[in-house]
Structures are given as structure tokens and as C-alpha cells.
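A.B. asks: The following block contains the structure, expressed as C-alpha cells.
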Amino acid sequence: MRWKGFTVEHNTWKKKEDLGNTEEVLEKFKGRMKAEVRRQEKIDMVEERDFRRGELLGRFTAKMLYE
């Protein structure tokens, strides 16, 4: 897999010392991704809760109508 618009000539190996603040940038990215995952999990929990509420409401309504 290559970066879009780049060819095999652009493939290079770099020394760790030449990568500058790569580790810092990666840690910031990982932190943002963890925060986004937690945010999405909260949204999913709310949607699941709301779905179950509607499901229960529908059951009770149907039960009241048919009994």
C-alpha cells in the first residue's frame, strides 16, 4: 500500500533519530482516538437505552390494547 499519488521511488527508510517528534505526535493521536472511542461508546449506550425504552413502551401499549 502506498500514499495516494506516490510511487515506489518515494519508499524510504528513516533512522529513528531523524523522525523528530514522531513519538509525541503519535501519543497525541492515540489520546484523541481513545477519547473519540469513549465518546462513541457513550452515544451507542444512549441509543441502545432509547431503543430499549421504545421497545418496552411498545410492548406495554400492545399488552394494554389486546388484554
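A.B. asks: Going by the conditions given, is ARG59 modelled with pLDDT under 85, among the basic types (Lys, Arg) and surrounded by 10 or more Cβ atoms within 10 Å (Cβ to Cβ)?
C.D. replies: yes
Residues are listed down the side, and each one gets a yes or a no for (1) surrounded by fewer than 10 Cβ atoms within 10 Å (Cβ to Cβ); (2) touching a strand residue (DSSP E or B) at 6+ places or on another chain (Cβ under 6 Å); (3) in a loop (DSSP other than H, G, I, E, B); (4) modelled with pLDDT of 80 or more:
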position: LYS4; (1), (2), (3), (4): yes, no, yes, yes
position: GLU9; (1), (2), (3), (4): yes, no, no, yes
position: THR12; (1), (2), (3), (4): yes, no, yes, yes
position: ASP18; (1), (2), (3), (4): yes, no, no, yes
position: PHE29; (1), (2), (3), (4): no, no, no, yes
position: LYS34; (1), (2), (3), (4): no, no, no, yes
position: MET45; (1), (2), (3), (4): no, no, no, yes
position: LYS63; (1), (2), (3), (4): yes, no, no, no
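The values are calculated or read from the model by the stated rules, or taken from the named source; none is laboratory data. Since this is a predicted model, take the numbers as computed values, not measurements. For neighbour counting, all protein chains shown are included, and Cβ atoms are generated from backbone atoms with ideal geometry for every residue, glycine included.
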